[in-house]
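What follows draws every value from the coordinates through simple rules; no lab data is involved. Here the structure is a predicted model, which is why all the values come from computation and not from measurement. Positions of Cβ are backbone-derived with ideal geometry, glycine not excepted, and every protein chain shown enters the neighbour counts.
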Amino acid sequence: MGFVTRFAPSPTGQLHLGHAYSALLAHDMAQADGGRFLLRIEDTDTARCTPEFETQILDDLAWLGLSWETPVLRQSDNKAAYDAAITRLGNMGLLYPCSCTRGDIRRAASAPQEGAHLLGPDGLIYPGTCRHRAWEDRTDTDAVRLDMARAVDSLRALPHYVDTGIHPASRLTRGPLIQEIGDVVLARRDTGTAAYHLSVVVDDAAQAITHVIRGADLASATPIHVLLQALLGLPTPTYHHHRLIRDDDGKRLAKRDDSRAIALYRAEGATPKDIRRMVGL
Ligand code: GLU
């Protein structure tokens with residue numbers, strides 16, 4: 001099987017040095033292996049994604065010297081595939097509808113009887129308020145949550161995965177999945193759009209990705225993705241979580257940190273080589 005990797009930006013802001021590092025590293029690793037480099041636009045969050053950011057990101061990537069196969073997969077075109085995955089997990093009895101707002105969750109999670117682990121990869125760990133609700137009773141405005149304990153117990157053995165980056169290889173374990181991750185959202189409230197964990201798993205399989213190369217900030221979400229792959233009968237790629245590019249104060253770069261935007265460096269006359277040097281490539 002050849003090496004197939006991807007860069008999957010969300011067009012919710014400018015491409016900055018951290019993204020450039022991710023894209024360049026994935027591209028370089030694919031090239032070194034005689035493999036393929038694909039692009040995917042992760043634009044399910046319609047409230048925050050804009051066509052202007054998407055155009056700017058593609059332009060910056062081309063300027064950096066990257067090329068990719070076309071057509072580019074856009075998540076906003078792939079809703080049917082996410083709905084099919086939700087239906088499948090729902091029919092397996094692993095999902096429930098949830099009407100809790102952020103405020104509801106904050107109040108319930110801060111109640112004294114709740115456990116010690118409050119924060120998971122998506123923020124507050126869901127306290128389970130709606131877990132008793134039947135999947136069939138879902139309404140259009142409900143979110144969809146994975147019942148983590150049921151999901152874990154539905155598998156004969158928990159899967160493991162390989163991480164060739166800065167995190168060691170891992171085997172999923174029952175306790176941490178339930179206590180430190182919990183019942184994650186797979187489709188959002190009100191809009192019904194697929195959440196990141198579901199769309200990324202469906203699309204990595206649809207694009208036959210063999211190597212997922214991305215920042216270490218997403219390493220804590222990987223057990224969710226590996227679990228979903230096992231539940232949906234999809235292959236698990238090799239993961240490579242790379243170091244994060246930090247600003248001068250050691251803080252991780254965020255999309256809103258426009259001072260590190262590639263467009264700004266370009267406007268100031270930097271070359272693609274300069275960018276490579278700045279990120280340590
Ligand atoms: N769309 C995600 C982001 O921009 C990346 C997802 C991934 O690489 O798995 O942070």
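Springs between alpha-carbon pairs under 10 angstrom, Gaussian network model over the chain: which of A23, A62, A195 fluctuates most?
Looking only at A23, A62, A195, the biggest GNM fluctuation is shown by A62.
Nearest 20 debye, what's the magnitude of the dipole of the stretch 135-281 about its Cα centre given +1 on Lys and Arg Cβ and -1 on Asp and Glu Cβ? Don't skip to the end; give the middle numbers.
Numbers: 20 positive and 20 negative charges, 119 e Å.
Dipole size: approximately 580 debye.
Using DSSP H assignments, which helices in the chain have an axial alpha-carbon span of 20 Å or above and a mean Kyte-Doolittle hydropathy of -1.0 or higher?
On the way: long enough: 17-32 (22 Å, 0.40).
Result, helices passing both filters: 17-32.
Using only DSSP helix segments of four residues or longer, with each worth -39500 (n - 2.57), what per-residue ellipticity at 222 nm results for the chain after dividing by its residue count and rounding to 500?
Values: 9 runs with 91 residues, N = 281.
Using -39500 (n - 2.57) per qualifying helix, the result is -9500 deg cm²/dmol.
Which of the listed residues, Q75, C130, F37, is farthest toward the dipole's positive end in the chain, when Lys, Arg count +1 and Asp, Glu count -1 at the beta-carbon?
Among Q75, C130, F37, the one farthest towards the positive end of the dipole of the chain is C130.
So what's the Cα pair-distance distribution over the chain, bin width 10 Å, in %?
Distribution as computed: 6, 27, 34, 23, 8, 1 percent.
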